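The values are calculated or read from the model by the stated rules, or taken from the named source; none is laboratory data. Please read all numbers here as calculations on a predicted model, not as lab measurements. As a convention, Cβ positions derive from the backbone with ideal geometry for all residues, glycine included, and neighbour counts pool all protein chains shown.
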Amino acid sequence: MAKEKVIPVHMIPDVGSEVIEVGNERFLQTNEAMFTFYKRTKGEHSPYFLALKEQKTILGGRCPECKIVRVPPFELYCPECDFAELELIKMPDTGVLNSTPPITYFAHSLLQHQVPFGRGRVFLKGADTALPIHVYTTKGVLTPRIFKKGTPVKVVFRDKRVGKPTDIFAVPVSELKAAQRKKRGLLESELDWTSAKTPKVPKPTKKAKENLSVVMDQLQDLGREAAKSTRAQNNLAGWKRTIQVKTGGGPFVIQIARKRLKFQEGTVKKADFVMAVKDPGLFQNWMNFKDSLTNAIIAEKLWISKNTEFTTVFKLDRIPRSVRRSKS
């Protein structure tokens, strides 16, 4: 296997230039580069990070005098006991959140593939300090109701670990099977990320079907306009997705491929992920800039089956704006 690079290849722009439009003016933009690579050592804290990377183990630092256990072992000597040297001990991988974690939906490029994630602090069993850690759910997209103070969680290890804090994350214990709860060193690949249960939508009524028909006409118009917009094509470049949408007016499909966006009523045999919404009028609000799909998900008006598809949602949210700007 080819080694991965610090900067992923897809983030490196091609040599050349492009014309961008701001208002009614045209500007020339060229692709340049500035290199700032560096290496750093974990120094005295290497045992903690090596344990994450090589042993799938979380270490804590316990004072032999006062018995306080610090996780992670951010100190080597106890400030309460005349700087007695702490001993490293193996910690359990379960605990509870010490507060309701804020959720990050918009992150910089290096963490974009991980959103949305909660930024929590977990008291592992036997620890006196809280471990900073990202929290996720396997039941669809992460929303504010999933976690709160006191939620029991289990630490899960990334399949590929390099010795960083992000080598681990936490999920609710309630989402795991009995064997997973007991297993030490549980890997992310051992979780069922496809177990999200699609919310029920109302059975289509005659009026709801008529409303969906109106929405579909507008969506198809948007697709045709996006095909004429260079901006919209750039938003969709290099992306391919088939999305099954379930609404109270009936199902339809969104297809992204070859810089094009298409909409059609009905179902598809295989979709990359599922969206569910009671009122198809939500997509009218999206096209008319009254509400973004991202905000609708956060407000739990729109449900998606995969937490990892937020990048697709971001791309869709850009389309109405790009089409409008192309017309101005």
Subject >> Residue within segment 145-157 that is modelled with pLDDT of 95 or more, part of a loop (DSSP other than H, G, I, E, B) and over 27 Å from the mean Cα position of the chain (by Cα) present >> reply: no
Original post:
Does segment 16-29 hold any residues that are in a strand (DSSP E or B) and either in contact with a Phe, Trp or Tyr (Cβ under 9 Å, 6 or more places away or on another chain) or small (Gly, Ala, Ser) (or both), and which are they?
Top reply: 17, 19, 20, 21
Original post:
How about segment 203-223: which of its residues are surrounded by fewer than 16 Cβ atoms within 10 Å (Cβ to Cβ) and either assigned to a strand (DSSP E or B) or of a type in the set (A, V, I, L, M, F, W, C) (or both)?
Top reply: 214
Original post:
Would you pick out the residues in segment 1-22 that are under 24 Å from residue 230 (Cβ atoms) and of a type in the set (Val, Ile, Thr)?
Top reply: 9, 12, 15, 19, 20, 22
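Does residue 49 satisfy being in a loop (DSSP other than H, G, I, E, B) and not polar (S, T, N, Q)? Show your work before the answer.
Details: in a loop (DSSP other than H, G, I, E, B): no; not polar (S, T, N, Q): yes.
So residue 49 fails the test.
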**OP:** Considering (1) modelled with pLDDT under 95; (2) outside any loop (DSSP other than H, G, I, E, B); (3) surrounded by 10 or more Cβ atoms within 10 Å (Cβ to Cβ), say which one residue 4 fails and leave the rest.
**Re:** (2)
Original post:
Within the set of pairs 6+ apart or on separate chains, which have a first residue in segment 278-304 that is in contact (Cβ under 8 Å) with a residue 60 or more places away in the chain, a second that is small (Gly, Ala, Ser) and part of a helix (DSSP H, G or I), and C-beta atoms under 8 Å apart?
Top reply: 280/208
**OP:** Taking residue 74 as the residue in question, decide whether it is aromatic (Phe, Trp, Tyr) and surrounded by 13 or more Cβ atoms within 10 Å (Cβ to Cβ).
**Re:** no
Subject >> Scope segment 30-46; condition exposed (fewer than 10 other Cβ atoms within 10 Å of the Cβ) and part of a loop (DSSP other than H, G, I, E, B); matching residues >> reply: 32, 33, 34, 35, 36, 37, 38, 39, 40, 41
**OP:** Could you check, for segment 104-121, whether at least one of its residues is part of a loop (DSSP other than H, G, I, E, B), buried (at least 17 other Cβ atoms within 10 Å of the Cβ) and either modelled with pLDDT of 95 or more or in the same structural domain as residue 306 (by TED's automatic domain parsing) (or both)?
**Re:** no
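Of a type outside the set (Asp, Glu), free of Cβ contacts under 8 Å to residues at least 40 places away in the same chain and surrounded by fewer than 19 Cβ atoms within 10 Å (Cβ to Cβ), is that true of residue 183? Walk me through it before giving the result.
Numbers: of a type outside the set (Asp, Glu): yes; free of Cβ contacts under 8 Å to residues at least 40 places away in the same chain: yes; surrounded by fewer than 19 Cβ atoms within 10 Å (Cβ to Cβ): yes.
It is true that residue 183 is of a type outside the set (Asp, Glu), free of Cβ contacts under 8 Å to residues at least 40 places away in the same chain and surrounded by fewer than 19 Cβ atoms within 10 Å (Cβ to Cβ).
Yes or no: segment 224-232 includes at least one residue that is in a strand (DSSP E or B), crowded, with 17+ Cβ neighbours inside 10 Å and touching a residue at least 24 places away in the same chain (Cβ under 8 Å). Give the derivation first.
Pass one, segment 224-232, residues in a strand (DSSP E or B): none.
Scanning segment 224-232 turns up no residue that is in a strand (DSSP E or B), crowded, with 17+ Cβ neighbours inside 10 Å and touching a residue at least 24 places away in the same chain (Cβ under 8 Å).
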Original post:
surrounded by fewer than 14 Cβ atoms within 10 Å (Cβ to Cβ), on the phi < 0 side of the Ramachandran plot, touching a Pro at 6+ places or on another chain (Cβ under 8 Å) and in a helix (DSSP H, G or I), is that true of residue 174?
Top reply: yes
